[in-house]
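Structure, as structure tokens:
The values are calculated or read from the model by the stated rules, or taken from the named source; none is laboratory data. Computed from a predicted model, the values in this text were never measured in an experiment. Heads up, the Cβs are rebuilt from the backbone with ideal geometry, glycines too, and the neighbour counts pull from every protein chain shown.
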Ligand code: SF4
């Protein structure tokens, strides 16, 4: 079965399948799926979360335009286009890579 990387947090048509989340540690995350102890062992996701403490920023824009958020967005957008997930943090690959048939079920025939 073909695996397809389709990030739930972004797509080309602006129809995101998930929303930004806030953890019980007051950290903003691009999605609730990453809020898992296992996923926080990933160095990039750990730094992303540590850079996203809401109490340490004046606005949410300060967080979502920081280095880690912009880097993640660039990486997953490129991976979505190329289907090369080499640079994508493993938690994102795990959450957002689905078998082709399941992706069709979630996003509709033809994908996002
Ligand atoms: S796991 Fe990663 S790619 Fe998937 S929705 Fe969350 S932030 Fe986006």
message: Tell me yes or no: at least one residue of segment 40-57 is touching a residue at least 60 places away in the same chain (Cβ under 8 Å) and either within 16 Å of residue 90 (Cβ to Cβ) or over 12 Å from the mean Cα position of the chain (by Cα) (or both).
response: no
- request: Please note which helices (runs of 4 or more DSSP H) are completely contained in segment 35-112 and include at least 2 residues that are more than 12 Å from the ligand (Cβ to nearest atom) and at pLDDT 95 or above.
  value: 43-50, 60-64, 67-82
field: Per-region count, segment 65-87, residues in contact (Cβ under 8 Å) with a residue 24 or more places away in the chain and either loosely packed, with under 14 Cβ neighbours inside 10 Å or touching a strand residue (DSSP E or B) at 6+ places or on another chain (Cβ under 7 Å) (or both)
entry: 4
query: Does residue 4 satisfy the condition of being in contact (Cβ under 8 Å) with a residue 40 or more places away in the chain and within 14 Å of the ligand (Cβ to nearest atom)?
result: yes
task: Could you list all residues from segment 10-33 that are buried (at least 19 other Cβ atoms within 10 Å of the Cβ) and over 19 Å from residue 86 (Cβ atoms)?
output: 27, 28, 29, 30, 31
